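The values are calculated or read from the model by the stated rules, or taken from the named source; none is laboratory data. Given the structure is predicted, the values throughout are model-derived calculations rather than measurements. Here the Cβ positions follow ideal geometry from the backbone for every residue, glycine too, while neighbour counts run over all protein chains shown. With ligands, DNA and RNA removed, areas are computed over all heavy atoms of the protein, side chains included. Shrake-Rupley method; radii C 1.70, N 1.55, O 1.52, S 1.80 Å.
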Amino acid sequence: MTENKVNWTGFSKKSLEERISLLAEKQLLSAEHLDNLKHNRQLPLKTADQMAENVIGTHSLPFALAPDFLIDGKEYQVPFVTEEPSVVAAASFAAKIIKRSGGFTTVIHERQMIGQAVLYQVPNLRKAQNDILAQKAQLLVLADEAYPSIVKRGGGARCLTVDIKDDFLIVYLTVDTQEAMGANMVNTMMEALMPTLEELSGGQQLMAILSNYATESLVTASCQVDLRFLSRDKAKAQTFAHKIELASRLAQTDSYRASTHNKGIFNGIDAVVMATGNDWRAIEAGGHTYAAKDGQYRGLSLWTFDQKQQVLKGTLTLPMPVATKGGSIGLNPSVQTAHDLLGNPNARELTAVIASVGLAQNFAALKALTSTGIQSGHMKLQAKSLLLLAGAKETELPKAAALLLKTEHLNLETAQTILQNLRDETT
Ligand code: NDP
C-alpha cells in the first residue's frame with residue numbers, strides 16, 4: 001500500500017493484535033487485507049479442493065512480518081511463511097543493520113524462462129541440429145502461436161538454440177513470461193514444437209518441459225555492513241568481519257558446509273516465496289543447481305571484509321523466476337495480503353526483494369555462527385514450542401519458558417514437568 005514512515009522498534013514485543021493495529025494505523029494494508037488478517041482468513045476449503053487431488057482439509061503455517069528492508073532505495077515490510085523459530089527475528093535483525101549501512105542494491109540480469117524439447121534416436125545429430133536452426137524464425141512463430149495471450153501481454157518466445165548431449169538432441173527455447181512464472185506457458189509451447197522438431201530431426205520425442213535451472217532469470221543482491229554495527233569495539237568488529245569472510249570461503253570449498261550455508265539462505269527465500277504464493281520447489285531446484293554450476297556444490301553468497309573501507313561486503317546471485325500472476329497466487333487470501341504488504345510489486349521487484357531477504361538471512365546466520373552460535377536464539381522459541389506442545393496456556397509461557405531454558409534437557413518431558421510444577425504451586 002502507501003509508503004509510510006514507521007518506527008518498527010519493539011514490533012516483536014507487541015501482541016498480535018497490536019501488530020495488526022500498527023499496520024492499520026500506518027495504512028500499510030488495504031481494508032480488505034486488514035480484514036483478512038483480523039479474521040485469519042485462509043484458503044477456502046472449496047478452493048483447496050480444486051487446487052490439488054484427494055483434498056481432506058487445509059494446512060496452516062505462521063504468517064509473519066520482517067519489517068524495514070531497504071532495497072534499491074525503497075522500504076519494504078516483508079511477509080514470511082515459516083514454521084522455523086528464529087528465522088523472522090534473524091532476518092529483521094539483519095534488515096535493520098543493513099538498512100543503517102545503506103540498504104540492499106539489486107541487479108536483475110534477465111527475466112526469461114527456458115524450455116527444453118528432447119529427442120532421441122536421431123539418425124544424424126549434426127544434420128538435425130543444422131536443419132532445426134535453419135527453421136529458427138518459423139519455430140519461434142510456432143511457439144508464440146501456441147500461447148498467443150503472452151504475446152499480447154508483451155512477452156513470448158525469444159530465442160532458440162540446439163545442443164547435442166550424449167545421443168540426445170536438445171532444443172532450448174527462452175520465453176519472456178512477463179508477470180507469470182511460466183511453467184504452463186513454456187510447457188504448452190514446447191509441446192507445440194514437438195511434431196515439427198520430430199519431422200526436422202527424424203528423431204523421436206522423449207519429453208518437452210520447462211527447465212527449473214532458470215539461468216536466464218538470475219538476480220544479484222548486494223549489501224555492505226558498516227563495521228560499527230557488528231560491534232562497538234573496533235577490534236572485535238574486525239574479528240567478526242574477518243570470521244564472516246572465512247565462513248563464506250569455507251562454503252566455497254566444503255560442500256558439507258555449503259549445503260547448510262545455502263539452507264540458511266533459503267530459510268528466508270522460501271518463507272517469502274511461500275508467502276507470495278510462488279512455487280518454492282522450483283526456486284529451490286534452480287538455486288541448488290546454480291550452486292553446483294561449476295561441478296562442485298558451493299555457497300551461493302560471498303562475503304568479503306574490505307579493510308580499507310572498513311565494511312563487510314556481501315553478494316548473492318541465483319535464479320529467481322517468481323511471479324505475481326498465475327499459479328495459485330490469486331486464489332489464497334493470505335497470499336494476496338502478502339502481495340499487498342509488499343506494495344503489490346511486479347515480478348522484477350519481487351525478485352529483488354526475495355534475493356535481498358536471502359542475503360539478509362545469510363548475514364544473520366553467519367554473524368550468529370561466528371560469534372554466539374545459533375543455539376541460544378533458537379532455544380528460546382524451541383522452549384516455547386515445547387511448552388505449547390505440553391499444553392501451556394499463553395499466560396504460563398513466560399515463566400515456564402524461563403525455567404525450561406535453565407534446564408539441562410530441553411525436551412517435552414521436562415516441559416511437561418515444569419508446567420505441572422508451576423500449576424501445583426499455584427493451586
Ligand atoms: P499459469 O498457467 O497460471 O499461467 C499464468 C496465468 O496468469 C495465465 O492465465 C495468464 O493469463 C495470467 N496472467 C495475467 N496477467 C499476466 C501477466 N501480466 N503476465 C503473465 N501472465 C499473466 O501459470 P504459469 O504458466 O506461470 O505456471 C506456473 C504454475 O505451473 C505454478 O503453479 C507451478 O507450480 C506449476 N508448474 C511448475 C512446473 C515446474 O516448475 N517444473 C511444471 C508444471 C507446472 P493468459 O493466459 O490470459 O495470458
Subject >> Conditions (1) open to solvent by 50 Å² or more (accessible area, probe 1.4 Å); (2) within 15 Å of the ligand (Cβ to nearest atom): number failed by Lys165 >> reply: (2)
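Anything in the range 181-210 that is over 18 Å from Leu140 (Cα atoms) and buried (at least 20 other Cβ atoms within 10 Å of the Cβ)? List them, or say none.
Scanning the range 181-210 gives Met181, Gly203.
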Original post:
Given the range 28-108, what helices (runs of 4 or more DSSP H) lie entirely inside it while holding 2 or more residues that are within 30 Å of Gln382 (Cβ to Cβ)?
Top reply: 31-38, 87-100
**OP:** Confirm whether Gly287 is on the phi < 0 side of the Ramachandran plot, touching a Ser or Thr at 6+ places or on another chain (Cβ under 7 Å), open to solvent by less than 30 Å² (accessible area, probe 1.4 Å) and touching a residue at least 12 places away in the same chain (Cβ under 8 Å).
**Re:** no
Subject >> Of the criteria (1) modelled with pLDDT of 95 or more; (2) in a loop (DSSP other than H, G, I, E, B); (3) polar (S, T, N, Q), which one Ser231 fails >> reply: (1)
Original post:
Which of (1) modelled with pLDDT under 90; (2) in contact with a Gly (Cβ under 7 Å, 6 or more places away or on another chain) is the odd one out, the single condition Gly358 does not satisfy?
Top reply: (1)
Subject >> Near pairs, Cβ below 6 angstrom, 6+ apart or cross-chain, from the range 303-327 (under 28 Å from Ser217 (Cβ atoms) and assigned by TED's automatic domain parsing to the domain that holds Gly277) to any residue that is of a type in the set (Val, Ile, Thr) and in a strand (DSSP E or B) >> reply: Leu312/Val225; Lys313/Thr304; Thr317/Thr220; Met320/Val219
**OP:** Might you let me know whether the range 136-156 holds any residue that is more than 16 Å from the ligand (Cβ to nearest atom), under 13 Å from Gly203 (Cβ atoms) and of a type in the set (A, V, I, L, M, F, W, C)?
**Re:** no
Original post:
touching a residue at least 40 places away in the same chain (Cβ under 8 Å) and either closer than 28 Å to Asn212 by Cα or open to solvent by 20 Å² or more (accessible area, probe 1.4 Å) (or both): does that describe Thr47?
Top reply: yes
**OP:** Taking the options Gln224, Gln178, name whichever one is open to solvent by 40 Å² or more (accessible area, probe 1.4 Å) and either closer than 13 Å to Val118 by Cα or within 16 Å of the ligand (Cβ to nearest atom) (or both).
**Re:** Gln178
Original post:
Does at least one position in the range 400-410 carry a residue that is surrounded by fewer than 19 Cβ atoms within 10 Å (Cβ to Cβ), at pLDDT 85 or above and closer than 22 Å to Thr82 by Cα?
Top reply: no
